[in-house]
1. If we scan segment 186-197, do we find a residue that is closer than 21 Å to residue 284 by Cβ and surrounded by 16 or more Cβ atoms within 10 Å (Cβ to Cβ)?
2. Out of curiosity, is residue 257 within 15 Å of residue 138 (Cα to Cα), surrounded by fewer than 22 Cβ atoms within 10 Å (Cβ to Cβ) and at pLDDT 95 or above?
3. Among the strands (runs of 3 or more DSSP E) lying completely within segment 129-229, list those that include at least 3 residues that are of a type in the set (Val, Ile, Thr).
4. Which residue, of 242, 154, 232, is closer than 25 Å to residue 318 by Cβ and within 19 Å of the chain's Cα centre (by Cα)?
5. Given the conditions (1) in contact with a strand residue (DSSP E or B) (Cβ under 8 Å, 6 or more places away or on another chain); (2) under 17 Å from residue 141 (Cβ atoms); (3) surrounded by fewer than 17 Cβ atoms within 10 Å (Cβ to Cβ), and given that residue 213 satisfies all but one, which numbered condition is not satisfied?
6. Conditions first: (1) at pLDDT 90 or above; (2) among the hydroxyl-bearing types (Ser, Thr, Tyr); (3) surrounded by 15 or more Cβ atoms within 10 Å (Cβ to Cβ). Residue 57 passes all but one, so which condition is the exception?
7. Taking the stated definitions as given, is residue 77 closer than 27 Å to residue 212 by Cβ and either assigned to a strand (DSSP E or B) or at pLDDT 70 or above (or both)?
8. So is residue 311 modelled with pLDDT under 75 and either over 30 Å from residue 38 (Cα atoms) or in a loop (DSSP other than H, G, I, E, B) (or both) or not?
Amino acid sequence: MTYDEFVDRISITLSDLGVSDDDMQFLPKGFKPEKHIQKVFVDNYNRSYYSDSSSDTLIEDALIVGKVGSDSLFVAPIPLKLYYEYYKAHNFAESSWEMIHDNLKQTVMSQSSYLSSTSNSGPLSEDIITNYASAREKMVLYPVNAVEKRESTLHTALYRQYGDYAIVAGIAEHTPTKEDRQLPVIEIPKKILRSWKVSEKQVFDDAFKNMMENYPAYATPITDPDSTYNVLEDTFEMGRGLILTNNAHTFSSVSMFYPGVAEKLFAAAGNDAFAFYPMDSIHMLVFPFTKHIRAVQNKFNSLLEQYPTDAVTNRLHYFDGQHFRISGQP
């Protein structure tokens, strides 16, 4: 098998695993990045797979699974040459291909949550369209950037907006459970409300209920990582700050917007405003809002340039007891 034939087989396999052509991009050896986000990717790829941090171009070919056209680094590189050399060294045995196939499957699974939150992953079944009871048990909520997705996902989907965060209602591929870690989702179109004969409020009430029952919000003090609190059930103080997530790490940033969570964090901050910032797609940093908030924002922006994340937004938000706001805006 030639290298080109191997690359074709990889692409076909990814397609069979449900990855669309738009979610695959081939970057050739010698690729020279232009954007900062690309430079970080090339540096990470070279160091991770070839222990080389000196080259400013891609050392070997890479196939990327993910939304590479966005400013997110939440993409999974596939080291084509390393896989091919492994396959060749084992005389192209089927057992060695099975190992490669398993790795590809894990790559796709690691992307499924992100990919499903940025593109409609398929049509809703007839049962879901005609039967609200069937839809209700599979409803979840996932976050997207309200600015980036205004003309695409948000043009047709049911969503609520909190600053940069748009919380989109979706139908999961299976009924949510506490064991979930990755959960492909199809967005719920606005027009389906007529078929269901329910209000938008009802949809969000039911979706929030599913999320809160299966993925409850937890907070861990940054000064005491061994302590973890159920936000809605336990008593705790904010102190210097908290790390907010949910038990399954499934669309975790939505937990900030669960009914009652912001109010509970406001109380933990001594009935005072608090700021929050996404550390990545799973963890939210929450801390008291202070007069030094601009300096804090500048510090975060500096860190983000060095360590880009796959978070929904890189802007600092805060909650004043009644409203979610973006720092620096009234």
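1. At the first step, the residues of segment 186-197 found to be closer than 21 Å to residue 284 by Cβ are none.
No, there is no match, as no residue in segment 186-197 is closer than 21 Å to residue 284 by Cβ and surrounded by 16 or more Cβ atoms within 10 Å (Cβ to Cβ).
2. Numbers: within 15 Å of residue 138 (Cα to Cα): no; surrounded by fewer than 22 Cβ atoms within 10 Å (Cβ to Cβ): yes; at pLDDT 95 or above: yes.
Judged against the criteria, residue 257 is not a match.
3. Working: elements: 139-145, 159-162, 165-172, 185-187, 217-221.
Qualifying strands (runs of 3 or more DSSP E): 165-172.
4. Values: 242 fails: within 19 Å of the chain's Cα centre (by Cα); 232 fails: within 19 Å of the chain's Cα centre (by Cα).
It is 154.
5. Going through the list (1) in contact with a strand residue (DSSP E or B) (Cβ under 8 Å, 6 or more places away or on another chain); (2) under 17 Å from residue 141 (Cβ atoms); (3) surrounded by fewer than 17 Cβ atoms within 10 Å (Cβ to Cβ), residue 213 breaks only (1).
6. Status for residue 57: all satisfied but (3).
7. Values: closer than 27 Å to residue 212 by Cβ: no; either assigned to a strand (DSSP E or B) or at pLDDT 70 or above (or both): yes.
So residue 77 does not fit the description; no.
8. Details: modelled with pLDDT under 75: yes; either over 30 Å from residue 38 (Cα atoms) or in a loop (DSSP other than H, G, I, E, B) (or both): yes.
Yes, satisfied.
The values are calculated or read from the model by the stated rules, or taken from the named source; none is laboratory data. Computed from a predicted model, the values in this text were never measured in an experiment. No Cβ is skipped: glycine too gets one built from the backbone with ideal geometry, and neighbour counts run over all protein chains shown.
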